[in-house]
Amino acid sequence: MLPKDQLAVVLKEKFPDSFIEITDFRDMLTVHIRSEQALDLLRTLKTDPRFAFNFLADITAVDHLEMGGPARFAVVYHLLNQYEVQRIVVRAWVDEEQPSLPSAYPLWKTADWQEREVYDLFGIEFSGHPDLRRIMTPDDFQHHPLRKDYPLQGRGERSNFPVVKRRIGSKWQEAKSVQ
Amino acid sequence: MGVERSGGVEWLTTTVDAFANWARKNSLWPMPFGTACCGIEFMAALASRHDLARFGAEAIRFSPRQSDLLVVAGRIPIKMMPVLTRIYQQMPEPKWVIAMGACASSGGVFDTYSVIQGIDNFLPVDVYIPGCPPRPEAFLDGVIKVQKLIKRDSLGHYKPPVEETAA
Amino acid sequence: MTLEAKELSTDNLVLNFGPSHPATHGTLRVIMEIDGEVVTKVTPEIGFLHCGFEKLGEHLDYNQYITVTDRMNYLSPMCNNVAFVLAAEKLLDLEVPKRAQYIRVLMCELSRIADHLLQIGMQAVDVGAFTVFLYGFRLREWIYDLFELAYGARLTTSYTRVGGLMRDLPDAFVPAALELLDRAPDTFKEIDGLLTHNRIWLDRARYIGPISHDEAISYGLTGPVARAAGVDYDLRTKEPYSSYEDFDFDVIIGSNGDVYDRYLVRLNEMRESLKICRQVLEKMPVGPVNVDADSKYVLPPREEMFNSIEGLIHHFMITMENQGLTPPVGEAYVPTESPNGELGYFIVSDGGREPYRVRTRPPSLINYSAFPAMMENMTVSDTVAILGSLNVIAGELDR
């Protein structure tokens, strides 16, 4: 893999509009890019023999509502080059109004369930995904729980179930309290 | 049984009751609804060191129609709660429910949007076993408490069982 | 009179498998379309144990979250603890003493043995062989005894702390551990004898659920499932952490990627873990288990806390609500080799006492996403065998 400065030069000439910067914190390189060209960057990192990041370890997202940044959401991709044992992180910044970016499923099949999880928990849509629906929360769950404006205790979803009562002899045995 | 309705033959029913309770408590067939870490300690209670078979509860039946003790071992999230309610309703009487562990009893460590804060909010529970996870010995203690509950039971309680779900 | 065979119009049966089913290990649901006995389409459904771990992490501080990480992969909880504190220590740029690193390696390897034993036991129970489960649990109870001796808990360990460990090992630990290491190979031999050349096991595991090397990389598989498919990548040798480079062991690679290869990889990995444990106990250095107590990350010793005002203030600074250990703004990810695959915690910090975002890279979820690919042309009974071989742990799958 190229060293950090050369990598910055190469990426700046390939993605002049969307490339933001490369940061290096505790030996972990992070490429910040805007969401429109994130898929092209991933394709370059996978197929270009200078980089050869053949393994996608993780896709996740961070909601920067309280922390600030170029946009509200950042979709984070962790890539690994298994031949030379190198890791790199790609952060695709996604705007708040219509959070959407192209899906990485054509490159790696592991993106399938991980992007569904990001959609479920953050509400970021992935265009071109084969089957984008909720994976962790129930199908009729209304909100996206991991956003910063959703409270930890939820909005009443956990107390919304029928109470089973049962009669033993002449006594009704009931549930204790509904929280 | 129609015997107790005729009145005046309580000595017969108490003997029959005692016999029935003795038979029921020594042959509990658990239905393990193990979701998380407590399920592993439940499995450890079934293994050879802490042997649950000594209490007659060796026949683990994963079908609710064939079991009489529902052991809810682990945290119950909102997606799993309708499943648990349905399993409970499918079990025939008489049945007992053990809430094993802190998460089934009260939500445990997880005071979040997705975990039911104790199954006793929606199901009637007979015995609670605290611990995170409870040791297998604690689970065996819980089974013994269920056996004590059964000893005080009476056949007259189940005539006919009425179960309703409030909306 | 000749009868003509007419084409009967048939429909595929949709069978719902789970979420409450003995072979789904808790909370998995698989919706299968079957044509006779052959499964034509498989749709797994997960999320039945989703508890909001990641959101909970934003409200607990670093040392408190260690107790929550236990509950993720509850078969080998020490591995989760170690993975989390490694990420927190990378964020804080702390170097933990050698003794603490060696003890962490020892505990991780013992947890690996416990995890693989239970996995082989449950897989055997699903296929019908109950004895293996009981033999495996006997050795697991001995390992639990060791854990209890070291830190008092069997399953929810929470042994590590940011900056070291909760406490040092007691003196009785090393003799007890050496005794366990002498007894353990017999259990492996018993399991080997019961399963490896067993005709029934071979019929139910050989050529079942195969996955190729390139598919394994595309699906992001790691751990024994990937190594059984031929992917030669073990994080303990390629990206060593916590002094794994000091130990000498082999990495087991399979060839077919089927259920039988996964079983063999796990069985032999347990033997390699015993080798590592023995080396750790022989080479264990003497010294402290926590970083320097003067730094602001570790609680001071109790005598100092009770007898001096500086110790008391130091204790308050770490545990009280509006202070506590505060890392710099940034993020860290340290991949570790858990028994299921690559487990890592991605921690984003905004400089506060609690992490801004804690993300677990869940090997169970990623391994399970390849399940539909493994189920090409398999029968209903193979579903159970393949599901067992993937070692899907619901706590880590759904978090």
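Each of C:Pro19, B:Met81, B:Leu28 was scored by the projection of its Cα onto the charge dipole of the protein assembly as shown, and the greatest displacement toward the positive side belongs to B:Leu28; charges sit on the C-beta of Lys, Arg, Asp and Glu.
For C:Gly220, the residues whose amide H sits under 5 Å from its own are A:Thr110, ignoring neighbours fewer than 5 places away on the same chain, with H placed 1.01 Å from N.
Once backbone amide H atoms are built at 1.01 Å from N, A:Phe25 has A:Thr30 as its partners under 5 Å, excluding neighbours fewer than 5 places away on the same chain. Normalising by residue count, the stretch C:234-284 has a Cα convex hull of 69 Å³ per residue. Taking C:Asp182, C:Asp168, C:Asp261 as the candidate residues, the one with maximal mean-square fluctuation in a Gaussian network model of chain C, Cα springs under 10 Å, is C:Asp182. Here the scattering of the stretch C:79-230 is modelled by Debye summation over its C-alpha atoms, one equal scatterer each and no solvent; at q = 0.19 Å⁻¹ the log10 of I(q)/I(0) is -1.18.
Panel note: the C-alpha atoms of chain A, placed on their principal axes, show extents of 81, 32, 32 Å (largest first).
Computing Rg and the Kirkwood Rh from the Cα coordinates of the stretch C:38-137 gives a ratio, Rg/Rh, of 1.09.
When shorter helices are ignored and each DSSP H run of at least 4 residues is given -39500 (n - 2.57), the per-residue value for the protein assembly as shown at 222 nm works out to -11500 deg cm²/dmol. Before anything else, pin down the relative contact order of chain A: Cα pairs under 8 Å, at least 6 apart, normalised by residue count, whole percent. About 15 percent, as a whole number. With no solvent and one equal point scatterer per Cα, compute the Debye intensity ratio I(q)/I(0) for the stretch B:1-154 at 0.13, 0.21 Å⁻¹ and report its log10, rounded to two decimals. Once normalised to I(0) and log-transformed, intensities are -0.60, -1.31. For the stretch C:262-333, the Kirkwood estimate of hydrodynamic radius, built from reciprocal distances between every pair of different alpha carbons, is 16.2 Å. A cut-off under 11 angstrom between Cβ atoms defines the neighbours of C:Ile366, and their net charge, with Lys, Arg +1 and Asp, Glu -1, is -3.
With contacts taken as Cα pairs under 8 Å and at least 6 residues apart, chain B reaches a relative contact order of 24 percent. Here the stretch C:339-399 yields Rg over Rh of 1.18, to two decimals, using C-alpha coordinates and the Kirkwood radius.
Calculated on the Cα set of the stretch A:4-109, radius of gyration then Dmax: 13.2, 40 Å.
Between C:Met378 and C:Val39, the built amide H atoms are under 5 Å apart, and every one of these is 5 or more places off in sequence or on another chain. Give me the orientation-averaged projected area of the Cα convex hull of the stretch C:208-336, in nm², one decimal. For the stretch C:208-336, averaging the hull's shadow over all directions gives 12.0 nm². The share of C-alpha pairs in the stretch B:80-156 whose separation exceeds 18 Å stands at 47 percent. The loop-placed trypsin sites (Lys or Arg not before Pro) in the stretch C:112-196, going by DSSP, that have at most 14 neighbouring Cβ atoms within 10 Å of their Cβ come out as C:Arg167.
Bridges between two residues of the protein assembly as shown, per DSSP, are antiparallel at a rate of about 75%.
Size descriptors for the stretch C:134-222 (Cα atoms only): Rg and Dmax, in that order, 19.0, 51 Å. Think of each Lys and Arg Cβ as +1 and each Asp and Glu Cβ as -1; about the Cα centre, that makes the dipole of chain C roughly 440 debye. Most simply put, the stretch A:4-109 has about 80% antiparallel DSSP beta bridges, counting only bridges with both residues inside it.
For the protein assembly as shown, taking Cα atoms only, Rg and Dmax work out to 27.1, 106 Å respectively. Considering only C:Leu312, C:Leu149, C:Leu343, the Gaussian network model of chain C with Cα springs below 10 Å gives its largest mean-square fluctuation to C:Leu312. If exposed means no more than 13 neighbouring beta carbons inside 10 Å and the site is in a DSSP loop, what's the longest run of chain C without any exposed GluC sites (Glu not before Pro)? Value returned for the longest uninterrupted segment is C:96-320.
Computed over chain C, the quotient of the alpha carbon radius of gyration and 2.2 N^0.38 Å is 1.08.
Largest mean-square fluctuation among B:Ile150, B:Ile87, B:Ile78, in a Gaussian network model of chain B whose springs join Cα atoms under 10 Å apart, belongs to B:Ile78.
Averaging over all projection directions, the Cα-based convex hull of the stretch B:29-102 occupies 4.8 nm² in the image plane.
The phi torsions of the stretch C:221-236, fed into the Karplus equation with coefficients 6.51, -1.76 and 1.60 and a -60° offset, translate into couplings of 6, 9, x, x, 5, 6, 5, 5, 8, x, 7, 8, 9, 10, 5, 6 Hz, rounded to whole numbers, with Gly and Pro shown as x.
All other residues whose Cβ lies under 10 angstrom from that of C:Ala205 are scored, Lys and Arg at +1 and Asp and Glu at -1, for a net of -1. Averaging Cα coordinates gives a centre for the stretch C:281-350 and one for the stretch A:7-76; these two points are 31 Å apart. As a length-normalised measure over Cα pairs under 8 Å and 6 or more apart, the relative contact order of chain C settles at 25 percent. In a simple Cβ point-charge model (Lys, Arg +1; Asp, Glu -1; nothing else charged), the stretch A:4-109 has a dipole of about 400 debye relative to its Cα centre. Counted by Cβ distance under 11 Å from C:Tyr62, the other residues give a net charge of -1, where Lys and Arg count +1 and Asp and Glu count -1.
Read the figures in this text as sums done on the coordinates, not as results from a lab. Predicted model, so just to flag it, every value in this text is computed and none were measured. Counting neighbours? That spans all protein chains shown, and the Cβs are built from the backbone with ideal geometry, glycine included.
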